[in-house]
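**Q** The structure is given below, and queries will be raised subsequently.
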Amino acid sequence: MADRTYDDVTQVPVDDTEDIDRTEVRSYWQLARRRFVRHRLAVIGAITLAVLIVAAAVVPLVVENATGVSISKSFAPAEIVDDEGNLVLALLGYSRTGINMFTQLMAATATSLMIGFAAVLIIVFIGVVIGAVAGYAGGWVDNVLMRVVDIALSMPGLFIIIAFVAFWGASIWTIILAIGITGWTTAARLVRAEFLSLREADYVQAARALGASPRRIILRHMLPPALAPIIVAASLGVADSVVLEAALSFLGFGIGAEQASLGTLLNVAFEYLNREPYLVLFPSIVLILIVLAANFLGDGMRDALDPRQRVEQQ
Amino acid sequence: MTTVSRSVGPLLEIQGLKTHFFTQDGTVRAVDGVSFQIGHAKTLGVVGESGCGKSITSLSVMRLIERPGKIVEGSIKLNGEDLLEKSDEEMRDIRGDQVSMIFQEPMTSLNPVFTCGEQISEAVQQHTAASRREGMDRAVEMLSLVGIPDAKRRAREYPHQLSGGMRQRVMIAMALSTDPDLLIADEPTTALDVTIQAQILELMRDLREKNRMAIMLITHDLGVVAEMADEVVVMYAGKVVERGDVRTIFGNPHHPYTQGLLHSIPRLDERVDRLEVIKGTVPSPYNLPAGCLFKRRCPFRMPICDVAPPMRQIGEEHTSRCWLTPAGEPPEVGADPTPEEAEAAGEQLTVEPR
Amino acid sequence: MTTQPTTTDMTGSETSSGQTSAERTVARGGLAAAPLLAVDDLVKHFEIRGGLMGISKLGAVRAVDGVSFTVTEGETLGLVGESGCGKTTLGKVILRLIPPTSGSVTFEGKPLFELNSRELKAARRDIQVVFQDPYASLNPRMSVGEIVGEGLYVHGMTNKREREAAVRDLLKRVGLNQQHIHRYPHEFSGGQRQRIGIARALALRPKFIVCDEPVSALDVSVQSQVLNLLSDLQDEFQLTYLFIAHNLAVVRHLSSRVGVMYLGKLAELAEADDLYENPRHPYTKALLSAIPIPDPTVRRERIVLKGDLPSPANPPSGCRFHTRCPMAQEICKVEEPPLRDIGGGHLSACHFAEDVTPLKERRAS
């Protein structure tokens, strides 16, 4: 034993290939998708949201006079095709004034979702730009921008939106803009925090040591990981914006009846609460569906995009 | 209550312990048939690389395995009583009283909102009939025992006010405050600098003498083991691959993995041109080789290695999970069971020789 | 009991078979006159700021506080010290990843801190880095090919096929399977990831690599693989290393000269063998004595230092080590010892360097 060393025994030739990994290559995004699909509620949320979006986009288009008044139809029962053979999709019947309640609901859903997504787009854009600049530059730039964020946060959001609407009138675009420019602060903080920590990350330092330009470092190494929390925040932001718009319209500061949103429907329904309480029901259900679906989706994305949640190889 | 069986048998006896994790991707046999004992007031070093199951073994002894993990088989006898048959309540009394544990990162195992003194006092009160005041006195006494200067003042400080070395001392003070028979130390010095590590190791050696306490020292640092342990258990991929007296393991290792580990570390006192290496990496727990778990990396690989080797007697108090003869030679044809024979013998062969 | 350990037999046959890698590199380094890298009185203080706009100064962490040394072409300079001694900061300042407070670093005669951005980008081809944590140092969203090829792309190799061929060659040289070029970091083990990081550093054919704790996050059996790889690559590409680590045994294995840092200053700097056999600073001696030897039959003199590392924001007066030094005298509290040559190029920053005795060691039967 004493004079034998570890490696002087003739080695049995070992088949080198047994160590080669034969599993399929999985990229970060493939893994994220796999984790997302495992999150059941998130998948349900995504499907619900997709169905709502498609229905809201398609139904008012295929049905002629989707939101029009037709007194002759007052309190008519549910029907899919009317007496003349036109597609009407009046799944929920007609109101006192003869409005097709289902198509009206879908048109309102379209308006609400449109406001929600458009506002989030503005929020993400402003938030990412300000957060990225503050986080990448650091120092006094960061200090100044963060004080701006503090000031923006300290202002009462709802009040500003109402003032906005009062000044420029209650169009759908004013509302989107108003929600957008009052809601970006959280997104900016998220991106900034992410950038600050990524700036010190070893792989960012390595890229810098290789001589990569700041542009490349931001676009290639910092923005993609910073986007993960942004995508999560955005999906939650859609729900928030939809609810905020509904609240505005419900209070009467929102868009008028010509382009009704779910909030407008609720506002109208509230007037008839004593006589026709069921009117409140349908817009409320859709609103709740949107909020729940967006929240589940956000949860699922959070889990899917978190690299700590590893999916082991087989 | 612990004094009754003190003189009879080993302090801790683990027999055929299997702790498996049931994940979505399959079963991970983190600990797969581990057996060893620790005698009274002895120090056992458990050595292995990350993922070899050494920490899971210690958590199993503490019964701190959480889902998706489960202890599926085996027995863990402390002073002759099987811990796996205890109720959760009984186990809570045993933890911190008869067995204590210290972890690698003391910051995460200390509660940040209580002072160090309060935490030690709490542990004392839980296991003895001590009052709050007595608990606090004991805390101060323990803190000065582990070499914390100005213990009275330190007892009133919060964990974040202390340095890493000091926190590890507080952890040790807390673990020892109830005078346990067995201290499980899971990488107790890995997060510390070498000069601080030297302080902590000296403290542990010192307290081991004073308290007549057994230590199960889990580490990847062979230097720490050589310095602290009486006996050594080497683990690889969930199994014990070699076991013996510390001098035997370091002076005359039998298992190719143990040999490889010892030869691959750079040493201060011996300068070599090239380090010996163990080729390859630890196999994925989802893709363990059939037969000997080390065969893909082993320079001695033989056809018989496709059959899982049992723990075999190499010398007195020295066992190894390898088909090589005690002298380290490949087994002669016919001297050992053929693969077919061994396979037929199956379970019987993997029983540890007593 | 037959206690002649196999280890000694092995190393006996090893050392007789040839020079050690350090001996070779010393010989090679001795030929070149001008140093490849010269660090002169380098200082890096991190200011602690506070107040309303975060502008008022509250103090400074003296991470690196006046360090000077040179690195000769082809050699490996080891830098050891405990956490908080400033060794990692020093590496990052040399790499110009963080700006210095004062002092200069000269690389091949060029003052690194005075280069404009174009000159700096060119210099970066020659100076590369390998990081400690193989999990944090690779972008999880990029494939191995993209990671290793990034430097090539940034420096103008925009042809994708050409780049892929270069990356495949690099993967082969660091001992990775070329088929893995399209895989992502999460599919590799720690050791394999560290090889990817080394391939990335090698891509631009640098002259000088800062290795910041390249093996301390790896398993024991994998450490030796990576250390051997580093020394093979050094021979193959005539690399010069600044090897930063806390593990003295690892540093000794690879380095021709070793510097010991304590609280932002060099305590001792000498030829590796000289430093380990004849430490001339009580801190080095304590550090050496604190390392457990993986051999239960050897007992070495143990110096257990009292107390903890003082805060680098408020270092002790005089000699920074005097609060923990077993040899401290009155003079140590007031007068800061300079780093001086005590003979044969052995530098020590101790008033009593000549009185430091070698560690005692004995082999128990």
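Only the coordinates and a few stated rules stand behind these numbers; no lab work does. Predicted, not measured: the structure shown is a model, and the values here were computed from it. Reconstructed Cβ throughout: ideal geometry from the backbone, glycine too, with neighbour counts over all protein chains shown.
**Q** Would you mind ranking B:M107, B:M311, A:M106 by Cβ crowding within 10 Å, fewest neighbours first?
**A** The order, fewest Cβ neighbours first, is B:M107, B:M311, A:M106.
**Q** Of all DSSP beta bridges in the protein assembly as shown, what percent run antiparallel (nearest 5)?
**A** Roughly 65 percent of the beta bridges in the protein assembly as shown run antiparallel, per DSSP.
**Q** Something else about it: Output the 0 to 90 degree angle, nearest 10, between the alpha-carbon long axis of helix B:164-176 and the longest principal axis computed from the alpha carbons of chain B.
**A** Computed tilt is about 90 degrees.
**Q** Under the definition of partner shielding as Cβ atoms of other protein chains within 10 Å of a residue Cβ, what is the mean value for peptide B:246-258? Mind dumping the intermediate values first?
**A** Details: counts 2, 7, 3, 1, 10, 11, 8, 5, 1, 0, 2, 1, 0.
Mean number of neighbouring Cβ atoms from other chains: 4.
**Q** If you restrict to DSSP beta bridges whose two residues both lie in chain C, what percentage is antiparallel, to the nearest 5?
**A** Numbers: 32 of 50 bridges.
Here the antiparallel bridges make up roughly 65 percent for chain C.
**Q** Right, here's the next one. What ranking of A:L265, B:L12 emerges when the number of other C-beta atoms within 10 Å of each C-beta is taken as an exposure proxy, fewest first?
**A** B:L12, A:L265
**Q** Which of these, B:P330, B:P149, B:P266, has the largest mean-square fluctuation under a Gaussian network model of chain B (Cα springs below 10 Å)?
**A** Checking each option, the largest mean-square fluctuation is seen for B:P266.
**Q** So for chain A, averaging the separation of alpha carbon pairs under 8 Å that are six or more residues apart and normalising by length, what relative contact order in percent results?
**A** 22 percent
**Q** Determine, for each peptide in C:39-48, A:185-194, C:333-342, B:275-284, the mean count of other beta carbons within 10 angstrom over its residues, then list the peptides with the highest first.
**A** My ranking of the peptides, most packed first, is A:185-194, B:275-284, C:39-48, C:333-342.
**Q** When ranked by the protection proxy of mean other Cβ atoms within 10 Å per residue, highest first, what sequence do the peptides B:224-236, A:39-51, B:188-200 form?
**A** On the way: B:224-236: 24.6, A:39-51: 16.5, B:188-200: 22.6.
Those peptides, ordered most packed to least, come out B:224-236, B:188-200, A:39-51.
**Q** Let me have the 222 nm mean residue ellipticity of chain A computed from DSSP H runs of 4+ only, each contributing -39500 (n - 2.57), with the sum over all residues rounded to the nearest 500.
**A** Numbers: 11 runs with 201 residues, N = 314.
After summing the helix terms and dividing by residue count, I get -21500 deg cm²/dmol.
**Q** Hey, another quick one. Which of A:N274, A:N65, A:N100 ends up with the largest GNM mean-square fluctuation for chain A, with Cα atoms connected below 10 Å?
**A** Of A:N274, A:N65, A:N100, the Gaussian network model singles out A:N274 as fluctuating most.
**Q** What cysteines in chain C have no other cysteine with a beta carbon less than 4.7 Å from their beta carbon?
**A** By the Cβ distance rule, which asks for a partner under 4.7 Å, the isolated cysteines are C:C85, C:C211, C:C325, C:C350.
**Q** With chain B treated as a Gaussian network of Cα nodes joined by springs under 10 Å, which of B:D273, B:D179, B:D82 yields the largest mean-square fluctuation?
**A** Of B:D273, B:D179, B:D82, the most mobile in the Gaussian network model is B:D273.
**Q** Under the rule of -39500 (n - 2.57) per DSSP H run of 4 or more residues, summed and divided by the residues of chain B, what mean residue ellipticity at 222 nm is obtained, to the nearest 500 deg cm²/dmol?
**A** -8500 deg cm²/dmol
**Q** Averaged over C:58-66, how many beta carbons belonging to a partner chain fall within 10 Å of each residue's beta carbon? Walk me through the intermediate numbers first.
**A** On the way: counts 0, 0, 0, 0, 0, 0, 0, 0, 0.
Average per residue, whole number: 0.
**Q** If one takes the longest principal axis of the Cα atoms in chain A, at what angle in degrees, from 0 to 90 and to the nearest 10, does the Cα axis of helix A:278-305 lie?
**A** 10 degrees
**Q** Please compute the average number of Cβ atoms from other chains found within 10 Å of each residue's Cβ in peptide C:127-139.
**A** 4
**Q** Treating cross-link reach as a plain straight distance, find the aspartates and glutamates whose alpha-carbon is under 14 Å from the alpha-carbon of B:K295, omitting any fewer than eight places away in the same chain.
**A** Here the aspartates and glutamates satisfying the reach criterion relative to B:K295 are A:D15, A:D16, A:E18, A:D19, B:D306.
**Q** For B:K210, give me every one of the aspartates and glutamates with a C-alpha distance below 13 angstrom, ignoring sequence neighbours fewer than eight places off in its own chain.
**A** Cα-Cα hits under 13 Å: B:D179, B:D181, B:E202.
**Q** For chain A, find the longest principal axis of its Cα atoms and tell me its angle to the long axis of helix A:172-182, 0 to 90°, nearest 10.
**A** 40 degrees
**Q** Expressed as a rounded percentage, what relative contact order does segment A:216-273 have, with Cα pairs under 8 Å and six or more residues apart?
**A** Dividing the mean separation by the residue count of segment A:216-273 yields 22 percent.
**Q** For the protein assembly as shown, with only Lys/Arg (+1) and Asp/Glu (-1) charged at the beta-carbon, what is the dipole magnitude about the Cα centre, in debye rounded to 20?
**A** Details: 104 positive and 121 negative charges, 494 e Å.
Value, rounded to 20: 2380 debye.
**Q** Arrange the following residues from fewest to most other Cβ atoms within 10 Å of their Cβ: B:K152, B:K239.
**A** Values: B:K152 13, B:K239 25.
Fewest to most other Cβ atoms nearby, the residues stand as B:K152, B:K239.
**Q** Continuing with the same structure: Defining a contact as two alpha carbons under 8 Å apart and six or more residues distant in sequence, what relative contact order in percent does segment C:296-365 show?
**A** Result for segment C:296-365 is 38 percent.
**Q** So between A:L289 and A:V43, what do we pick up on full extension, going 0.36 nm a residue minus the alpha carbon distance?
**A** In short, 87.2 nm is gained.
**Q** May I pose another question? Using unit Cβ charges (K, R positive; D, E negative) and no other charged atoms, how large, in debye to the nearest 20, is the dipole of chain B about its Cα centre?
**A** Numbers: 39 positive and 51 negative charges, 153 e Å.
With Lys and Arg at +1 and Asp and Glu at -1, about 740 debye.
**Q** Hey, with R₀ at 22 Å, roughly what FRET efficiency would C:K306 and C:T70 work out to, going by the Cβ-Cβ distance, to 0.05?
**A** Numbers: r = 35 Å, r/R0 = 1.57.
Between C:K306 and C:T70 the formula returns 0.05.
**Q** Something else about it: Roughly how many Å is it from the Cα centre of segment B:108-181 to that of segment C:56-88, as a whole number?
**A** Using only Cα atoms, the two centres lie 36 Å from each other.
**Q** Determine the shape class of chain C: with a ≥ b ≥ c the square roots of the Cα gyration tensor eigenvalues, call it rounded for a/c under 1.5, and otherwise prolate if a/b is greater than b/c, oblate otherwise.
**A** oblate
**Q** Of B:K70/B:K239; C:K87/C:K207; B:K54/C:K360; B:K54/B:K86; C:K92/C:K333, which pairs sit farther than 25 Å apart, going by alpha carbon to alpha carbon?
**A** Values: B:K70/B:K239 16 Å; C:K87/C:K207 21 Å; B:K54/C:K360 34 Å; B:K54/B:K86 22 Å; C:K92/C:K333 31 Å.
Long pairs (Cα-Cα over 25 Å): B:K54/C:K360; C:K92/C:K333.
**Q** For segment B:87-140, rounded, prolate or oblate, judged on the Cα gyration tensor with a ≥ b ≥ c (square roots of eigenvalues), a/c < 1.5 rounded, else prolate if a/b > b/c?
**A** Since a/c reaches 1.5 but b/c is at least a/b, the shape of segment B:87-140 is classed as oblate.
**Q** Please give every one of the aspartates and glutamates within straight-line cross-link reach of C:K160, meaning a C-alpha to C-alpha distance under 13 Å, and leave out same-chain neighbours fewer than 8 residues apart.
**A** Once the sequence-local aspartates and glutamates are set aside, what remains near C:K160 is C:E146, C:E150.
**Q** Can you compute the helix-only [θ] at 222 nm over chain C? Use -39500 (n - 2.57) per DSSP H run of at least 4 residues, normalise by all residues, nearest 500 deg cm²/dmol.
**A** Numbers: 12 runs with 122 residues, N = 365.
The helix-only estimate for chain C comes to -10000 deg cm²/dmol at 222 nm.
**Q** Could you check the spin-label model distance between A:V62 and C:D41? Points 7 Å from the Cα along Cα→Cβ, value in nm.
**A** If labels sit at A:V62 and C:D41, their model points lie 8.2 nm apart.
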